[in-house]
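Reading through the structure tokens given below for one structure.
The values are calculated or read from the model by the stated rules, or taken from the named source; none is laboratory data. This structure is a prediction, so every number in the text was calculated from the model and none was measured. Cβ placement follows ideal geometry from the backbone for every residue including glycine, while neighbour counts extend to all protein chains displayed.
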Amino acid sequence: MPELPEVETAVRELRPLVVGRVIRGAWSTVPRQLGRLTIRQLASRVRGQRIGSVTRRGKYIVIELERGIVLVHLRMTGRLFVSPTEAKPHVHLRAGFVLDDGHETLYFKDPRTLGTIGYYSSGEAIDSLNVLGWEPLEESVTGAMLRDALRKRTQAIKPVLLDQSLWAGIGNIYASEVCWVAQIDPRTPANRLSAAQCDRLCQAVPEVLSLALERGGSSLRDFMSPEGNYGAYQKEFRVYDRVDEHCDRCGGVIKRIVQAQRSTYFCGTCQKRR
DNA sequence: CCGACAACCTGTGAGC
DNA sequence: TGCTCACAGGTTGTCG
């Protein structure tokens, strides 16, 4: 489900709901999602720790405790929210962190169970986050920096935008949207982008992501923020999921192709190479 | 190094 | 109504 705008929305809403609270217990119904730790190990390590902060790096949610860090990745269908503790949680509630006196739980809902929840020492957490690339909304990347980073990359630019070690946080929706804004053919080999195209990409990435964030992200199917809000950016998609519709810029027809096993949407008329 | 593909999972919607 | 298939916001690993 979530790319940077959705994860950032989740973090901002979660923060006031959980920071300062003490984790009283933890459980999971899908041990595979916990990485190396068993359910019992996770529970014993987080028990009694106060939540110090909730932040984001790329698509990871970083929950800092007193003696370690919980890293949550929502993957496709994950969602975090706080609600009253249920005696028999719905089957899609795959994990929970019981808070304070036990009346409320920080739930992890994840129908597809592809998400991950890991508990790490701060050193381990930093190491795993360090492989991520630029933060699109915090680091200003110049066309020259981008061009240099893409120098040896022959793959098409759109799938390259999904590489989290370049920019962290761009996913399949915004990769297509960014290419439309920058007027770049998503099939262009990354190392063949002109200087002007790199400049436009560097503008388009923060522009698209920050507008999406302002709208609370995009809601496809069931995406919902921790407070239960739906994002609104899906109303402003220029190309994503709009095959055969007309381009807002030139009236051309929007196409769908598959790159690296993911759908790509673009205008066949105004997103030309060069 | 690169691209293609499978795998990890469940749910939904379209088409027949 | 019920079946099958394609597809879904992500990432990782294998193979040629």
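Here are some notes:
- Taken over the range A:133-162, the residue count meeting the criterion of being touching a Phe, Trp or Tyr at 6+ places or on another chain (Cβ under 6 Å) and of a type in the set (S, T, N, Q) is 0.
- Test: A:THR113 is touching a strand residue (DSSP E or B) at 6+ places or on another chain (Cβ under 7 Å) and either free of Cβ contacts under 8 Å to residues at least 12 places away in the same chain or among the hydroxyl-bearing types (Ser, Thr, Tyr) (or both): yes
- Listed by position, the strands (runs of 3 or more DSSP E) inside the range A:39-80 whose residues that are within 16 Å of DNA strand B (Cβ to nearest atom) and surrounded by fewer than 22 Cβ atoms within 10 Å (Cβ to Cβ) number at least 1 are A:69-73.
- Inter-residue pairs, beta-carbon under 7 Å, first closer than 14 Å to A:PRO159 by Cβ and of a type in the set (Ser, Thr, Tyr) and in the range A:173-190, second more than 13 Å from DNA strand B (Cβ to nearest atom) and modelled with pLDDT under 95, 6+ apart: A:THR188/A:ARG273
- Residue-level check: of (1) closer than 22 Å to A:LEU132 by Cα; (2) surrounded by fewer than 19 Cβ atoms within 10 Å (Cβ to Cβ); (3) within 16 Å of DNA strand B (Cβ to nearest atom), A:ILE257 misses just (1).
- Residue in the range A:244-257 that is touching a Lys or Arg at 6+ places or on another chain (Cβ under 8 Å) and under 30 Å from A:GLU104 (Cβ atoms) present: no
- Candidates A:GLU236, A:GLU214 - the one that is away from DNA strand B (no atom under 16 Å from the Cβ), modelled with pLDDT under 95 and charged (D, E, K, R): A:GLU236
- Here A:TYR119 meets each of (1) over 19 Å from A:ALA168 (Cβ atoms); (2) within 14 Å of DNA strand C (Cβ to nearest atom); (3) in contact (Cβ under 8 Å) with a residue 60 or more places away in the chain with one exception, condition (2).
- Selected residue (criterion: surrounded by the fewest Cβ atoms within 10 Å (Cβ to Cβ)) from residues of the range A:81-94 that are away from DNA strand C (no atom under 16 Å from the Cβ) and within 14 Å of A:ARG112 (Cβ to Cβ): A:VAL91
- Top-ranked residue of the range A:1-38 - restricted to ones that are buried (at least 21 other Cβ atoms within 10 Å of the Cβ) and assigned to a loop (DSSP other than H, G, I, E, B), ranked as modelled with the lowest pLDDT: A:MET1
- Test: A:VAL253 is within 12 Å of DNA strand C (Cβ to nearest atom), free of Cβ contacts under 8 Å to residues at least 40 places away in the same chain and aliphatic (A, V, I, L, M): no
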